[in-house]
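Please see the structure below; I have some questions.
The values are calculated or read from the model by the stated rules, or taken from the named source; none is laboratory data. As the structure is a computational prediction, the values presented were derived from the model and not from experiment. Cβ: placed from backbone, ideal geometry, glycine included. Neighbour counts: every protein chain shown.
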Amino acid sequence: MSLSIIISMSTFALAASISPGPVNLLCLSSGTQHSIYKGMIFVTGATLGFIALFIAIALGLYAALEMTPGLHTFLRWGGVIFLLYLSFKLAAFDGQLPEQNSEKAPGFMVGAIMQWLNPKAWLASASGIAAYTDGNDPQQVLIFAALYLPICWLSLVSWVYAGISLRRYVSNPAVLKAVNRTLAMLLATSCLLLIIE
């Protein structure tokens with residue numbers, strides 16, 4: 001595989017991973033509410049969940065779903081319900097910093113499951129595989145996945161750090177509450193996009 005293809009794959013992975021989406025918004029919110037350690041657990045789950053989805057799609061999962069319309073619809077509505085639940089949890093945040101806030105941070109499994117219910121992850125996987133690999137060459141898919149792994153992880157970490165920076169400079173609970181309610185609204189809006197597609 002040529003260096004230019006590897007650079008192209010890496011550029012695609014960075015653009016797809018760092019651009020705003022449901023998982024990125026939850027990383028930002030986690031940074032405003034919880035410790036960096038708890039944010040890293042969520043990020044690791046989301047990254048490994050995405051890589052598993054990426055490889056599964058390369059092995060034919062997306063094509064199988066297209067042939068099973070009922071399952072495709074079920075996954076879409078499951079994603080909507082899950083994202084609405086997360087939106088509600090964000091909106092319910094009272095603005096108290098972690099020392100006063102005992103609410104559980106989103107963990108490893110939430111991150112992994114969220115990627116499988118995230119339309120942005122499906123689209124990034126399917127389009128990236130179609131553009132940069134030959135579906136019959138597992139080596140190309142594994143190289144792409146190996147490139148995606150650190151890029152996705154670091155991209156999501158940057159969103160957690162953005163949340164931590166926001167918390168550091170904006171310690172007023174009312175402001176943090178407003179930030180999280182805005183994030184909740186954006187997450188709920190992504191559900192609407194899922195419904196109308």
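Scan segment 103-160 for residues that are in contact (Cβ under 8 Å) with a residue 12 or more places away in the chain and assigned to a loop (DSSP other than H, G, I, E, B) and jot them down.
Correct list: Glu103, Ala105, Pro106, Gly107, Leu117, Asn118, Thr133, Gly135.
I've got another one for you. Do you know which residues across segment 123-145 are among the aliphatic types (A, V, I, L, M) and under 16 Å from Ile5 (Cβ atoms)? So that I can check it myself, show each step before the final result.
Step one: filter segment 123-145 for residues among the aliphatic types (A, V, I, L, M), giving 123-124, 126, 129-131, 141-143, 145.
Within segment 123-145, Ile129, Ala130, Ala131, Val141, Leu142, Ile143, Ala145 meet the criteria.
List, please: which pairs have Cβ atoms under 6 Å, are six or more places apart or on different chains, and start with a residue in segment 1-29 that is over 14 Å from Met114 (Cα atoms) and end with one that is basic (Lys, Arg) and surrounded by 19 or more Cβ atoms within 10 Å (Cβ to Cβ)?
Note: no pairs meet the criteria.
Okay, next question. Among Gly135, Gly95, Gly111, which is the only one that is modelled with pLDDT of 70 or more and not hydrophobic (A, V, I, L, M, F, W, C)? Break it down stepwise before answering.
Details: Gly135 fails: modelled with pLDDT of 70 or more; Gly95 fails: modelled with pLDDT of 70 or more.
Residue meeting the stated conditions: Gly111.
Additional query: At pLDDT below 80 and part of a loop (DSSP other than H, G, I, E, B): is that true of Phe82 in this structure?
Numbers: at pLDDT below 80: yes; part of a loop (DSSP other than H, G, I, E, B): no.
Taking the combined requirement at face value, the residue does not satisfy it.
A further question on this structure: Which of the residues belonging to segment 1-44 are of a type in the set (Gly, Ala, Ser), closer than 18 Å to Ala130 by Cβ and crowded, with 18+ Cβ neighbours inside 10 Å?
Of everything in segment 1-44, those that are of a type in the set (Gly, Ala, Ser), closer than 18 Å to Ala130 by Cβ and crowded, with 18+ Cβ neighbours inside 10 Å turn out to be Ala13, Ala16, Ser17.
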